[in-house]
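Notes follow once the structure below has been shown.
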Amino acid sequence: MSKVTFPRMGESWRAFKLLLEDLGNEVVVPLRPNKRTLDLGVRHSPEFACFPLKILMGTYLEAVEMGAGTIVTSGGVGPCRAGEYAMLHHKILQDLGYDLKMIVFEPPRLYPLNFIKNVRALNKARVSIRGIIDCIKRGWRMLQALDNAEKLSHVVRPREIKRGTTTAVYKKVLDWISGAYTMEQIAEAEAAALEALRSIPQDSSREVLKVGIVGEIYVLLEPASNLEIEETLGDLGVEVERSMFLTGWTRDNTWNETTHGLTIKEAASPYLPELVGGHGRDSIGHTILYSKRGFDGIIQLAPFTCIPEIVARTILPRVSKDYDIPVLTFFLDEQTGKAGMTTRLEAFTDLMRRKKRFQAGAKCLTG
Amino acid sequence: MAVRVGIPRALLFYLYFPMWQAFFNEIGVQVIPSGRTTKSILDDGIREALADVCVPIKLYYGHVMELKGKVDYLFIPRVVCLNGKTVYCPKFLGLPDMIKYSVDNLPPIIDVRMDSRQGRLSLLNAYSEIGRYFGADRITTIRAYLKALGVHYHFRRLLRKGWSPPEAMELLKSPGTGKAGSQTKVNLKFAVLGYPYAIYDSFISVNIVEKLRQLGVMVMTAENIHPALLALQKNCDLPKRLFWTLSDIALKAAHLLFKQGRIDGILHLTAFGCGPDSLLNKLIEMEAKKHRNVPFMTLMIDEHTGEAGMATRLEAFVDMVRRRKEAHLCQK
Ligand code: SF4
Ligand code: SF4
């Protein structure tokens, strides 16, 4: 039976690995995207393909080298390109002479049969339905634990006294979580992880800026694709809140819209009433919600040539003006360099800090 | 004086202008299209639009700039879906918002949403909404809509007979004037695939159709093929069809023409920075590999495409095809 692999997005692979192994599959864990991944991906993808497609192309090629014969991934119904990715990847791999199996999960609400068929194909251990539900629940719980640890790391990092502590602790606690198996173990590991992060020595008097990160899901979730922007920002004394997490996003898509009092959709609709695919509308909606919550700035991360984010980027300057919140956009591709990014982030942080102090000063004078 | 509505000569202009014009005229509104693309229109577009958008959207911006001081309204519909199945490129879906929030001092924008997946009457309703902007009553708009459909039907029929959209528009204006161009030694027939707004904007396509004709090549495009023949291609052997109407049409046309094998050459004209084309072009290329008997070439256009470079590439391609064909004839 062929080995199974899947797209890599941040640390979520730990949960997917657990789930697939429980169902009796041999798993090839996709590598963290590196220079070679990019080279491979770029070489075998169309020039104007979006950046995530290129990285994933490289990831798959590496997984194939490591013996993977089946790729499990998600589909989609448009209007953006992501829904056609799987098909194009498959075609390109075939064209390169690899005979692979692609298992593509379409949105279960629209295609319930596809979901059942795919689960059956992956259920090699012939786990009962109840057992499958159990496995999914556990995988899901692990995803939540991973997300919670990551969220906390974003809060702690800008306040840490010794630079680098948070990142080191975070790396360690990830292994605790992925080492857990039962529900209880996962909860226990999660608690320990959060505790470890919380007890990092912090400077509570430090002036910390708050930045919301919006944009396209893949470049938000895979730090290797955004050059660890969250870490860089943390080191600059900025607390980040990311608009998307796998657990948050999947819930939106499989259940209902989330509520922040005002939904993201409602917030965005004066500017962009149409769903333009990807997360273009969310980028606008989140920007507005963050600004209402008093954030100091917004960073938009978008893959180069990403259609929905280009639409959003065209409209964002107006939102930025109307809500008086600075917005910085990065279009990412294989040529984006870390040094350049850091310089731009430093300038942006300075700008936010000056604005914040100025406003505080103005308040003192008038109040 | 009648109210003036401006329609940019870009994007869907090339497929729907006659219909839109007929509708507006019926409800007593004057239509002003922008002029043909010029260097200054392109430059305006490049300046106004985000650097990362594709050339056709930049052109759209340019045409909006040209119209904005001259008209009372701008017609920038949000065209989502017109056939009940495929949607338009996401940039079409966000077009009115992009323009509205990034260009200053615009006249009011008519941005009705057209989505035929929302029921049988949804398009009629969209047109009624347009009518309401100008105080036209329901009966008048329905009549205007039917008339517009008639014009559209006529226009499509001209396209199927082999006329290009600009030629067909001329013919609608003054029937009987059309001549099949004074083509001399026609002995080759090429298909140029791509988006109509790229192919027929003679400025941005560096006049590709005319150039080919001068080289003695008859040119056809996907618009000249009967929609039923395209529909027969189903999903072009893919697990799912391409989501976007115009890309889907181009891919189907490519499949059909490669399979028929009667055409002497196929060109795919793709626009720099186009998202859907990154998939479409790859898929057409893969199909071309399976049909080596039909020569294939991809041409990319961007804001800097030069006359000379394009002419050289076209000449070389035509020469190659011609030699191949002659060699074939000799063998027989
Ligand atoms: S959202 Fe952007 S990155 Fe994702 S498929 Fe669409 S264009 Fe590509
Ligand atoms: S289909 Fe391509 S060229 Fe047309 S608007 Fe979309 S991205 Fe631009």
Can you tell me how many residues within segment A:4-27 are within 18 Å of A:Val104 (Cβ to Cβ) and in contact with a Gly (Cβ under 6 Å, 6 or more places away or on another chain)?
1
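Report the residue count in segment A:141-168 for those that are under 17 Å from A:Glu239 (Cα atoms) and either open to solvent by less than 50 Å² (accessible area, probe 1.4 Å) or in a loop (DSSP other than H, G, I, E, B) (or both).
17
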Selection within segment A:270-288 - facing another protein chain (nearest Cβ under 8 Å), surrounded by fewer than 24 Cβ atoms within 10 Å (Cβ to Cβ) and away from ligand 1 (no atom under 12 Å from the Cβ)
A:Tyr271, A:Pro273, A:Glu274
Would you point out which residue out of A:Ile325, A:Ile298 is away from chain B (no Cβ under 14 Å), among the hydrophobic types (A, V, I, L, M, F, W, C), more than 11 Å from A:Val214 (Cα to Cα) and in contact with a helix residue (DSSP H, G or I) (Cβ under 8 Å, 6 or more places away or on another chain)?
A:Ile325
Filtering segment B:22-47 for residues that are under 21 Å from B:Asp111 (Cα atoms) and either in contact with a Cys (Cβ under 8 Å, 6 or more places away or on another chain) or open to solvent by less than 60 Å² (accessible area, probe 1.4 Å) (or both) leaves a count of 11
Determine whether B:Gln214 is more than 16 Å from ligand 2 (Cβ to nearest atom), free of Cβ contacts under 8 Å to residues at least 60 places away in the same chain and either farther than 28 Å from B:His154 by Cα or within 21 Å of the chain's Cα centre (by Cα) (or both).
yes
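Report, by residue number, each residue of segment A:57-72 that is open to solvent by less than 20 Å² (accessible area, probe 1.4 Å) and either away from chain B (no Cβ under 14 Å) or not in a helix (DSSP H, G or I) (or both).
A:Gly58, A:Thr59, A:Tyr60, A:Leu61, A:Glu62, A:Ala63, A:Ala68, A:Gly69, A:Thr70, A:Ile71, A:Val72
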Hey, can you tell me all the residues within segment B:127-166 that are among the aliphatic types (A, V, I, L, M), part of a helix (DSSP H, G or I), touching a Ser or Thr at 6+ places or on another chain (Cβ under 9 Å) and more than 27 Å from B:Val209 (Cβ to Cβ)?
B:Ile130, B:Ile142
For segment A:73-93, which residues satisfy the criterion of being over 30 Å from B:Val79 (Cα atoms) and at the interface with another protein chain (Cβ under 9 Å from one of its Cβ atoms)?
A:His90, A:Lys91, A:Ile92
Tell me which residues, restricted to segment A:113-140, are open to solvent by 70 Å² or more (accessible area, probe 1.4 Å), part of a helix (DSSP H, G or I) and not aromatic (Phe, Trp, Tyr).
A:Leu113, A:Ile116, A:Lys117, A:Arg120, A:Ile129, A:Arg130, A:Ile133, A:Asp134, A:Ile136, A:Lys137
Residue among A:Leu289, A:Leu262, A:Leu272, A:Leu301 that is under 26 Å from B:Met98 (Cα atoms) and modelled with pLDDT of 95 or more:
A:Leu301
Those helices (runs of 4 or more DSSP H) lying entirely in segment B:192-235 with at least 2 residues small (Gly, Ala, Ser)
B:227-231
What single numbered condition from (1) more than 13 Å from the chain's Cα centre (by Cα); (2) within 21 Å of A:Thr165 (Cβ to Cβ); (3) crowded, with 17+ Cβ neighbours inside 10 Å fails to hold for A:Asp203?
(3)
With the checklist (1) at pLDDT 95 or above; (2) open to solvent by 10 Å² or more (accessible area, probe 1.4 Å); (3) within 16 Å of ligand 1 (Cβ to nearest atom) in hand, flag the one item B:Ile57 doesn't pass.
(2)
Name the pairs whose Cβ atoms lie under 8 Å apart, with the first residue in segment A:109-131 and farther than 14 Å from A:Ser74 by Cα, the second open to solvent by 100 Å² or more (accessible area, probe 1.4 Å), and 6 or more positions between them or separate chains?
A:Lys124/A:Met1
When every residue in segment A:94-105 that is within 26 Å of the chain's Cα centre (by Cα) and within 9 Å of another protein chain (Cβ to nearest Cβ) is compared, the one surrounded by the most Cβ atoms within 10 Å (Cβ to Cβ) is A:Val104
Can you pull out every residue in segment B:228-256 that is touching a residue at least 40 places away in the same chain (Cβ under 8 Å), out of contact with any His (no Cβ under 9 Å at 6 or more places or on another chain) and not hydroxyl-bearing (Ser, Thr, Tyr)?
B:Leu238, B:Arg241, B:Leu242, B:Phe243, B:Trp244, B:Leu246, B:Asp248, B:Ala253
Can you find even one residue in segment B:60-83 that is open to solvent by less than 40 Å² (accessible area, probe 1.4 Å), within 16 Å of ligand 1 (Cβ to nearest atom) and not assigned by TED's automatic domain parsing to the domain that holds B:Tyr197?
no
Can you tell me which residue among B:Leu238, B:Leu257 is away from ligand 1 (no atom under 16 Å from the Cβ) and not in a loop (DSSP other than H, G, I, E, B)?
B:Leu257
Which ones in segment B:299-325 are open to solvent by 100 Å² or more (accessible area, probe 1.4 Å) and part of a helix (DSSP H, G or I)?
B:Glu307, B:Arg313, B:Arg323
Residue under question is A:Ser12, and the condition is that it be open to solvent by 20 Å² or more (accessible area, probe 1.4 Å) and either modelled with pLDDT under 95 or within 12 Å of chain B (Cβ to nearest Cβ) (or both); does it hold?
no
Any residue in segment B:286-294 that is under 20 Å from the mean Cα position of the chain (by Cα) and of a type outside the set (Val, Ile, Thr)?
no
Taking segment B:271-298 and keeping residues open to solvent by 10 Å² or more (accessible area, probe 1.4 Å), under 14 Å from A:Glu47 (Cβ atoms) and in contact (Cβ under 8 Å) with a residue 12 or more places away in the chain leaves B:Phe272, B:Cys274, B:Asn281, B:Glu285, B:Thr298
If we only count helices (runs of 4 or more DSSP H) wholly inside segment A:262-367, which ones have 2 or more residues that are aromatic (Phe, Trp, Tyr)?
A:338-366
Any idea how many residues of segment A:301-322 are over 23 Å from B:Arg78 (Cβ atoms) and within 8 Å of chain B (Cβ to nearest Cβ)?
1
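The values are calculated or read from the model by the stated rules, or taken from the named source; none is laboratory data. None of these values were measured; they are calculated from a predicted model. All Cβ positions, glycine included, derive from the backbone under ideal geometry; neighbour counts span all protein chains shown. Keep in mind that these areas ignore ligands, DNA and RNA; they rest on the heavy atoms of the full protein, side chains included. Shrake-Rupley method; radii C 1.70, N 1.55, O 1.52, S 1.80 Å.
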